[in-house]
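Report on one structure; see the data block that follows.
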Amino acid sequence: MYLALFTLILMSFQAAKADNADSTLDSEELTCSQRGQSFRATDRSLMMSLRANGCHYWLWARSEAPQILPESLLKHTGFVAGDPHHENFSHMTINGRRLLVLNDLDDTGEAPMFLDYLKLTSVSRAALDSERKLSSAKALQAYSSGLKGESWNEDLPEFLQDDFELTEKELQKMYIKEIKRHETDGEFNKAPDVTPWRSMSESERFQFTAFENDVSSQLPRGYKIKDRGIYRKSGGGSGGVQRYWFYLKRSDSERHFIEFKPLVDPAVGNYQAQASNGGRLDQATKSYWSGQLPDAFGVVTSKGVHYWMRPRYPTMVRFSLSDFKDQPKAFAELTYYLAFRLGHWHGTQSGAEAYVRELTALSSKLVVQGDQFIAKYLRLAESESSER
């Protein structure tokens, strides 16, 4: 009897600690609305920092876009990428084919499609600051071409070639190498952003176990869980959101490094109210993954929160400012291609025909207005960055 009573008290105490831990962890995470109040300089270059400030962009655009851009164009909303920049697109092997997809679904949602396009080109403009280096007219033409369902008749951009040509064997070899970089003797390495199971507090283990009970059936079958970890990225655009890691192993050549990332606060929510996260993520996979997810990818739910489940695959699409400064022509070509692909994704959505007609009718003015919009935003971002 006393043992049963003691066990009950201990379980209640653990649950209370876990609840308190949840509150503490949540309080450390900034909401997108909070992150949008000022531009956060996460890098010494403006271009690199822009990629972590989607919340700021969409909050600013809500009040500024109607002052610069045609209201008739802004009425055309669709399911947008939200944070389209050059590292958020990469190839995935789906049904034996390498397809370009939006690899980060955090900020997807409903918003004006043209503002999504300007978000992409604003990052490029921060690095290529003249029309000679990056043609706004050509970028808009590429976007419009994608919207209309036309074909891309040029070569794949140089920056994407290696990623596109990656074979399944090469990818697996890189994947194993990436996994080994994060583990030693079957356990995750402890790092400032990573808390492996052995270093977790009692409350963190309690919280993790509850999460695992909800999602374990979605993990790849036939693998043994070697270790568990909590990852909280201190910088970047996610605001310190907590992610769950699983290290799985079947053999030396068969391993998985699975991440569960909660998706609760999209950047586009700073522009307009969004649908439920479950429906939003389902739409994201339909719009930007053709509704086809490879093995070990998925959308799962735990305690009412939706998570994007994905392997931590390495990618060839990694850039620094020097890449773009040293190869401005290649960077411009990459921008035109991604504008085309973004247009294609926008154009396949219902109601896009009216948007295409509106954009075509206004195209002669939109190059100038788009440039004015981007220039004003970049001036603000640079000003707020210099104040810190």
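Could you check MET92 against (1) in a strand (DSSP E or B); (2) touching an Asp or Glu at 6+ places or on another chain (Cβ under 7 Å) and say which number it fails?
(2)
Mind checking which residues of the stretch 95-116 are assigned to a helix (DSSP H, G or I) and either out of contact with any strand residue (DSSP E or B) (no Cβ under 9 Å at 6 or more places or on another chain) or modelled with pLDDT under 95 (or both)? Quick ask: steps written out before the conclusion?
At the first step, the residues of the stretch 95-116 found to be assigned to a helix (DSSP H, G or I) are 113-116.
Result: PHE114, single match.
Could you say whether any residue in the stretch 351-358 is in a loop (DSSP other than H, G, I, E, B) and out of contact with any Phe, Trp or Tyr (no Cβ under 8 Å at 6 or more places or on another chain)?
Of all residues in the stretch 351-358, those in a loop (DSSP other than H, G, I, E, B) come to 351.
Okay, now just the ones that are also out of contact with any Phe, Trp or Tyr (no Cβ under 8 Å at 6 or more places or on another chain), so 351.
The answer is yes; a qualifying residue exists.
Of these, ASP155, ASP107, ASP116, which one is more than 23 Å from GLN369 (Cα to Cα), acidic (Asp, Glu) and surrounded by 24 or more Cβ atoms within 10 Å (Cβ to Cβ)?
Details: ASP155 fails: surrounded by 24 or more Cβ atoms within 10 Å (Cβ to Cβ); ASP116 fails: more than 23 Å from GLN369 (Cα to Cα).
ASP107 is the lone residue from the list that is more than 23 Å from GLN369 (Cα to Cα), acidic (Asp, Glu) and surrounded by 24 or more Cβ atoms within 10 Å (Cβ to Cβ).
Any idea which of (1) among the hydrophobic types (A, V, I, L, M, F, W, C); (2) closer than 27 Å to SER45 by Cβ; (3) out of contact with any Asp or Glu (no Cβ under 7 Å at 6 or more places or on another chain); (4) not in a helix (DSSP H, G or I) is the one MET316 doesn't satisfy?
(3)
Give just the number: which of (1) part of a strand (DSSP E or B); (2) modelled with pLDDT under 95; (3) buried (at least 20 other Cβ atoms within 10 Å of the Cβ) does GLY229 not satisfy?
Result: GLY229 fails condition (2) only.
To keep it simple, each residue is scored yes or no on (1) in contact with a helix residue (DSSP H, G or I) (Cβ under 7 Å, 6 or more places away or on another chain); (2) aromatic (Phe, Trp, Tyr).
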| position | (1), (2) |
| --- | --- |
| GLN37 | no, no |
| MET47 | yes, no |
| ASN103 | yes, no |
| GLY109 | yes, no |
| PHE114 | yes, yes |
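Residues that are of a type outside the set (Gly, Ala, Ser), under 16 Å from the mean Cα position of the chain (by Cα) and over 17 Å from ARG35 (Cβ atoms): does the stretch 210-224 have at least one? Spell out the reasoning first.
Restricting attention to the stretch 210-224, the residues satisfying the condition of being of a type outside the set (Gly, Ala, Ser) are 211-215, 218-221, 223-224.
From what's left, under 16 Å from the mean Cα position of the chain (by Cα): none.
Looking through the stretch 210-224, none of the residues is of a type outside the set (Gly, Ala, Ser), under 16 Å from the mean Cα position of the chain (by Cα) and over 17 Å from ARG35 (Cβ atoms).
Determine if the stretch 374-387 includes at least one residue that is over 19 Å from SER122 (Cα atoms) and free of Cβ contacts under 8 Å to residues at least 12 places away in the same chain. Reasoning before the result, please.
We begin by selecting, within the stretch 374-387, every residue over 19 Å from SER122 (Cα atoms); these are 387.
Narrowing the set further to residues that are free of Cβ contacts under 8 Å to residues at least 12 places away in the same chain leaves 387.
Yes, the stretch 374-387 contains a residue that is over 19 Å from SER122 (Cα atoms) and free of Cβ contacts under 8 Å to residues at least 12 places away in the same chain.
Please find, within the stretch 177-198, the residue that is farthest from THR315 (Cα to Cα) out of those that are β-branched (Val, Ile, Thr) and within 23 Å of the chain's Cα centre (by Cα). Spell out how you get there, then give the answer.
Of all residues in the stretch 177-198, those β-branched (Val, Ile, Thr) come to 179, 184, 194-195.
After this cut, where a residue has to be within 23 Å of the chain's Cα centre (by Cα) as well, the list is 179, 194-195.
Values: ILE179: 13, VAL194: 21, THR195: 24 Å.
Among residues in the stretch 177-198 that are β-branched (Val, Ile, Thr) and within 23 Å of the chain's Cα centre (by Cα), the one farthest from THR315 (Cα to Cα) is THR195.
The values are calculated or read from the model by the stated rules, or taken from the named source; none is laboratory data. Keep in mind that what you see is a predicted model, and the values were worked out from it rather than measured. Because the Cβ atoms are built from the backbone with ideal geometry, glycine has one as well, and the counts that use them run over all protein chains shown.
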